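The values are calculated or read from the model by the stated rules, or taken from the named source; none is laboratory data. Computed from a prediction, not measured in an experiment: that's the story for all the values here. Backbone-built Cβ (ideal geometry, glycine too); neighbour counts: all protein chains shown. All accessible areas refer to the heavy atoms of the entire protein, side chains included, with ligands and DNA or RNA removed. Shrake-Rupley method; radii C 1.70, N 1.55, O 1.52, S 1.80 Å.
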Amino acid sequence: MGDATIPLIDLRHAALKAVVPSVLTPANGLLTDRLGRPLRDLRISVTDRCNFRCSYCMPKEVFDSQYKFLPQSSLLSFEEITRTAAVFAAHGVQKIRLTGGEPLLRKHLEVLVGMLAQLRTPQGQAMDLTLTTNASVLTRKAKALQEAGLQRITISLDALDDAIFRRMNDVDFPVADVLAGIEAAAKAGLAPIKVNMVVKRGVNDHEILPMARFFREHFGTAVVLRFIEYMDVGNTNGWAMDHVVPSHEVRRRIEEHHPLVALEANAEGETAQRWAYADGRGELGFISSVTQAFCGDCNRARLSTEGRLYLCLFANQGYDLRPLLREEQASDEQLAAAIAGIWSQRTDRYSELRGQNAAPALAGARKVEMHYIGG
Ligand code: SF4
């Protein structure tokens with residue numbers, strides 16, 4: 001993959017302590033940040049470990065056998081995760097995405113799914129419960145996850161060509177096993193199934209059309225294939241703009257063979273621009289964080305696997321909620337007030353600033369690693 005990986009400076013310890021304000025305002029589901037954005041989407045990282053070493057996320061040279069992953073004792077328990085998620089639901093969260101690292105490496109994850117499936121929004125709605133996985137163990141887990149209450153799923157697959165994919169995941173993992181995982185998810189009734197492909201120029205961009213054709217022909221409307229612009233997440237992937245294939249170019253390459261029509265967004269804050277094949281053979285998505293930033297309606301918060309709240313994928317520090325959950329034995333009202341205090345001061349819009357060459361990272365600020373807070 002060629003890029004010089006950059007040594008890691010461990011930011012996991014650079015967290016501010018979450019403070020309970022003196023006045024406890026009850027959660028009413030209407031919380032907004034300084035840019036008027038509500039809190040609707042919570043991404044929960046349940047492990048910082050992964051069995052892949054994708055160079056744009058966890059390059060093997062950095063995350064090698066010496067790398068110290070978090071000890072089990074520092075991870076939030078399923079009870080702590082569920083309690084915290086319930087407080088976020090009271091603040092207006094309607095969608096929960098389980099991430100990692102690779103979330104299916106966390107033992108008995110279906111138990112957590114079952115606990116989160118009991119949560120309700122202030123309006124009494126069930127949570128929109130989903131998960132992002134590399135599908136390496138999905139054939140074994142899909143049915144149990146669906147029975148526990150998982151509704152839909154997102155699977156990462158960066159190439160159809162086995163040699164390219166094995167090189168990109170850097171652990172020699174075959175495409176066939178990921179496709180088997182997708183079949184198992186479809187058989188288990190998880191829907192919709194989304195497949196995410198990170199496109200990197202000179203690495204897998206020639207796989208755009210083969211991927212589009214394959215999913216169009218083999219899965220049709222059962223799978224939504226989404227193309228993600230290669231992003232400067234974390235500090236170790238050696239990102240450069242000339243490795244980015246802008247979404248408009250990806251779309252043009254497909255449209256030369258298959259006419260597309262634009263679709264409306266499913267919900268406010270949706271990250272993908274939706275397009276469909278004009279002949280009805282399925283849907284595509286384009287996630288364009290680099291060339292068309294979508295910070296304006298970003299309603300996503302991220303909870304790290306040890307209880308740190310991050311307000312942006314490119315944040316350079318988090319807020320530690322774990323002492324409130326453990327040592328300080330805070331009440332739900334106090335936890336809710338602490339989270340409200342953090343979100344209400346949020347001004348994050350990294351991708352917009354990157355677009356204006358004004359992003360903090362450009363001035364040397366280091367960013368949290370994606371495997372630690374989930375994509
Ligand atoms: S860059 Fe940050 S603020 Fe912007 S869309 Fe992504 S997570 Fe949201």
Suppose we filter LEU324, LEU311, LEU303 for residues that are touching a Lys or Arg at 6+ places or on another chain (Cβ under 6 Å), aliphatic (A, V, I, L, M) and open to solvent by less than 50 Å² (accessible area, probe 1.4 Å); which single one remains?
LEU311
VAL111 being within 22 Å of ARG152 (Cα to Cα), in contact with a helix residue (DSSP H, G or I) (Cβ under 7 Å, 6 or more places away or on another chain) and open to solvent by 50 Å² or more (accessible area, probe 1.4 Å):
yes
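Sort out which residues of region 282-300 are open to solvent by less than 20 Å² (accessible area, probe 1.4 Å) and hydrophobic (A, V, I, L, M, F, W, C), and write them in order of number.
LEU284, PHE286, ILE287, VAL290, CYS295, CYS298
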Based on this model, can you work out whether GLN123 counts as outside any helix (DSSP H, G or I) and modelled with pLDDT under 95?
yes
Between residues in region 253-269 that are in contact (Cβ under 8 Å) with a residue 40 or more places away in the chain and farther than 26 Å from CYS295 by Cα and residues that are of a type in the set (Val, Ile, Thr) and open to solvent by less than 60 Å² (accessible area, probe 1.4 Å), which pairs lie under 7 Å by C-beta distance while being six or more apart or on different chains?
ARG253/ILE208; ILE254/ILE208
Is one or more of the residues making up region 185-192 at positive phi and of a type outside the set (D, E, K, R)?
yes
Given the conditions (1) within 14 Å of the ligand (Cβ to nearest atom); (2) buried (at least 21 other Cβ atoms within 10 Å of the Cβ), which single one is not true for GLU352?
(2)
Which pairs do you get when a residue that is more than 16 Å from CYS57 (Cβ to Cβ) and within 8 Å of the ligand (Cβ to nearest atom), found in region 290-315, comes within reach of a residue that is basic (Lys, Arg) and not in a loop (DSSP other than H, G, I, E, B), reach meaning Cβ atoms under 7 angstrom, with the pair 6+ apart or on two chains?
ARG300/ARG43
Against the condition within 16 Å of the ligand (Cβ to nearest atom) and more than 18 Å from the chain's Cα centre (by Cα), how does VAL198 come out, does it pass?
no
Exactly one condition in (1) closer than 27 Å to GLN94 by Cβ; (2) surrounded by 18 or more Cβ atoms within 10 Å (Cβ to Cβ) is false for ALA159; which is it?
(1)
Just the residues that are within 18 Å of GLY375 (Cβ to Cβ), open to solvent by 10 Å² or more (accessible area, probe 1.4 Å) and out of contact with any Ser or Thr (no Cβ under 9 Å at 6 or more places or on another chain), please, taken from region 114-136.
ASP128, SER136
